[in-house]
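The values are calculated or read from the model by the stated rules, or taken from the named source; none is laboratory data. Note that the coordinates shown come from a computational prediction; the quantities given were computed from them, not determined experimentally. Reconstructed Cβ throughout: ideal geometry from the backbone, glycine too, with neighbour counts over all protein chains shown.
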Amino acid sequence: MRTTFSSLLQELRTSRRQSLADLAGTIHFSRGYIGNVEHGTKFPTRQFAELADKALQGHGVLLGAWRLAEEEEREAERTRRLLAASVRESDALGLLCASQPDIAGVSDSVRALAVAYLGTPPAPILAQATQVRSGLVDRIKKGGVHAGDEKDLFLAVGQLSGVLSYAALDLGSPTAALAHARAAWMCADRVGDNELRAWTRGTQSLISRFQGDYERALQFIQSGQQYATLGTSGPRILCGLAQCMANLGNSNEANKALNAAESARAESRNTDSMPGLFEFSQAKQHYYAGSSLIWLDGREDAERAEREASLAIAMWEGEPPETRSLDDEALAHIYLGTARLQLGELDGGMSAIRPILDLPEERKISWIGKRLDRFSDMLTNPPFHGSSLARDAVEEIRALA
């Protein structure tokens, strides 16, 4: 909405043949202020919107766009404050882990949130997980728990911190995500839970990859390998290793890790103690494989990436809502499209990502923006550079995404 207001302001001004100086003289705001509003770097006051609407004969259209943008700004500010509050609480958990509180089991609440995460936008989950975790932390502070239940308490708080870590990252805040992941690690380490330890190390590696720090991402994976003995933590850590190796340009080690992950899944007889976000399904394993290999240059890597992403999408489409990871499924479409571009298939690439362009705004998590940016960049380089079809595709992506 903020972008819509800025664009509408600029369109109205130019259609009325007014320069920045002309409008500035009429509404008594500086040219710099108006320029920043048009470029989206500054959000204006209501007074500005009213004066500009009148001066440019917007007949209420510009003011209406401002109202929608202002509501969006308020919602964004609420989310930012919630992120900040949840980060402060994660940081405070370091002190709480020095105490010895107890609590009755709360795994059902955590389980419900972990399952809901797969099909719910991250902002509502951030709010719910923050509320549940705050209640548990309050009970720690007040000591209102039963003796002997310390492990259940800190395990639940650690798992909730893991949920918050994913929500923060999907909202585009890797710094907040790392703070929550550190809290999850402290809780897991305190109670000696290897399953959460391995999951948290994998998540810390994921966040580091989001930031482009692939060496650090690899260190987190290597640290987590010693704990990956329960549930699906073994395949997940190995797939994380494959992603690190692919990001570092090592095709042989990336494929080796993916093959090892397949073997680990075949040999595993354990089940995950927590479903949803904490579970590494077969579909997600194919998704991880596809998301790894698109960073390599070889044709064989691109072909395998296309197969793996296609398998992930097909499996998720046949799964019930409680196991269908909608965000990952959306990203799998982008990975499929990227692999096809690497194989020189422009039409196939656009066909793969088309469902993503029509997603509602609340479903376009930060990863989607990053990966669509890369997809667009590929269309501006050989072998697509100069192609009118590629140029049209870039314009379509940028307009809809």
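Looking across the range 354-384, just one residue is of a type in the set (Val, Ile, Thr) and touching a Pro at 6+ places or on another chain (Cβ under 7 Å), and that is Ile365.
Figure legend. Inter-residue proximity from the range 180-207: first residues under 13 Å from Ser223 (Cβ atoms), second residues surrounded by fewer than 22 Cβ atoms within 10 Å (Cβ to Cβ) and of a type in the set (Val, Ile, Thr), beta-carbon distance below 9 Å, spacing 6+ or different chains. Indicated pairs: Asn194/Thr229; Ala198/Thr229. Condition first: within 16 Å of Met274 (Cβ to Cβ), over 14 Å from the mean Cα position of the chain (by Cα) and touching a residue at least 60 places away in the same chain (Cβ under 8 Å). Can you find one or more residues in the range 129-149 that meet it? The answer is no; no qualifying residue exists.
Figure legend. Inter-residue proximity from the range 242-265: first residues surrounded by fewer than 24 Cβ atoms within 10 Å (Cβ to Cβ) and modelled with pLDDT under 95, second residues of a type in the set (Ser, Thr, Tyr) and not in a helix (DSSP H, G or I), beta-carbon distance below 9 Å, spacing 6+ or different chains. Indicated pairs: Ala264/Thr232; Arg265/Thr232.
Residues checked against (1) exposed (fewer than 13 other Cβ atoms within 10 Å of the Cβ); (2) under 37 Å from the mean Cα position of the chain (by Cα):
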position	(1), (2)
Asp22	no, no
Phe29	no, no
Leu51	no, no
Ala55	no, no
Glu77	yes, yes
Leu83	no, yes
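Taken as a whole, the range 300-316 holds no residue that is acidic (Asp, Glu) and either under 21 Å from Gly162 (Cα atoms) or part of a loop (DSSP other than H, G, I, E, B) (or both).
The criterion of at least 3 residues that are of a type outside the set (Gly, Ala, Ser), farther than 19 Å from Ala309 by Cβ and more than 23 Å from the chain's Cα centre (by Cα) is met, among helices (runs of 4 or more DSSP H) falling completely within the range 340-401, by 388-400.
Only residues that are crowded, with 24+ Cβ neighbours inside 10 Å, of a type in the set (A, V, I, L, M) and within 14 Å of the chain's Cα centre (by Cα) were counted across the range 157-175, and they come to 5. In the range 31-42, what residues are more than 33 Å from the chain's Cα centre (by Cα) and loosely packed, with under 14 Cβ neighbours inside 10 Å? Once the filter is applied, which keeps residues that are more than 33 Å from the chain's Cα centre (by Cα) and loosely packed, with under 14 Cβ neighbours inside 10 Å, the range 31-42 yields only Gly32.
Scanning the range 340-367 for residues that are crowded, with 21+ Cβ neighbours inside 10 Å, within 20 Å of Pro122 (Cα to Cα) and free of Cβ contacts under 8 Å to residues at least 60 places away in the same chain yields one hit, Ile356.
Conditions tested, residue by residue: (1) in contact with a Ser or Thr (Cβ under 9 Å, 6 or more places away or on another chain); (2) of a type outside the set (Lys, Arg); (3) farther than 20 Å from Arg299 by Cβ.
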position: Asp327; (1), (2), (3): no, yes, yes
position: Asp347; (1), (2), (3): no, yes, no
position: Leu359; (1), (2), (3): no, yes, yes
position: Arg371; (1), (2), (3): yes, no, yes
position: Phe375; (1), (2), (3): yes, yes, no
position: Pro382; (1), (2), (3): no, yes, no
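Once the range 370-391 is narrowed to residues that are among the small types (Gly, Ala, Ser) and at pLDDT 85 or above, the residue that is nearest to Ile334 (Cα to Cα) is Ser376. The number of residues in the range 303-336 being among the small types (Gly, Ala, Ser) and surrounded by 21 or more Cβ atoms within 10 Å (Cβ to Cβ) comes to 6.
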